[in-house]
Amino acid sequence: QVQLVESGGGLVQTGDSLRLSCVASSSGRTFMGWFRQAPGKEREFVAAISWSGSRTYYADSVKGRFTISRDNAKNTMYLQMSSLKPEDTAVYSCAAGATSGSYYLSGSYLYWGQGTQVTVSS
């Protein structure tokens, strides 16, 4: 069992930046990812990263604005968010345990954090 704890969420203004962190209780040679869920909407894929960090994937809506990274020595994954927009407002959750072929599907991940709220005001 892997426990994930996110941090770094908050209230920011349009155009601001924010960095989310996700600390895992143990390491695993699997993909990790970020998902988000806005009120009244389904959970959606944001970004994913391979164990080595050599492969990263992004949703079109965040490509060029968000950067995913990981530090395996610290069992920590990050999501650097820039040029934030009101439509980025959501609860952001980190996930671990997916295989490379289905990194964009929430059902592929075995472990989930509790989520951290990101609110972008206009």
Quick one: accessible area per residue over the chain, 1.4 Å probe, rounded to a whole number of Å²? 51
Sequence-distant lysines (8 or more away, or on other chains) whose Cα lies within less than 22 Å of Lys41: Lys63, Lys85
If you restrict to DSSP beta bridges whose two residues both lie in the chain, what percentage is antiparallel, to the nearest 5? 90
Taking the stretch 44-121, which trypsin sites (Lys or Arg not before Pro) meet the DSSP loop condition and have no more than 13 other C-beta atoms within 10 Å? Arg55, Lys63
The FRET efficiency for Ser27 and Glu87, from their Cβ-Cβ distance with R0 = 41 Å and rounded to 0.05, is 0.75
Just to confirm the filter: which GluC sites (Glu not before Pro) across the stretch 1-89 are DSSP coil and have at most 11 other Cβ within 10 angstrom of their Cβ? Glu42
Which loop-located chymotrypsin sites (Phe, Trp or Tyr not before Pro) does the stretch 1-71 contain, where loop means any DSSP state but H, G, I, E or B and the Cβ has at most 16 other Cβ atoms within 10 Å? Trp51
Just how large is the dipole of the chain about the Cα centre, in debye to the nearest 20, putting +1 at every Lys and Arg Cβ and -1 at every Asp and Glu Cβ? 240
Scoring the stretch 19-122 by relative contact order with C-alpha pairs under 8 Å, at least six apart, yields a percentage of 32
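The values are calculated or read from the model by the stated rules, or taken from the named source; none is laboratory data. Just so we're clear, the structure is a prediction, and the values are computed from it rather than from any experiment. Positions of Cβ are generated from backbone atoms using ideal geometry, with glycine treated the same way; all protein chains shown enter the neighbour counts. Accessible surface areas use protein heavy atoms only, side chains included; no ligands, DNA or RNA. Shrake-Rupley method; radii C 1.70, N 1.55, O 1.52, S 1.80 Å.
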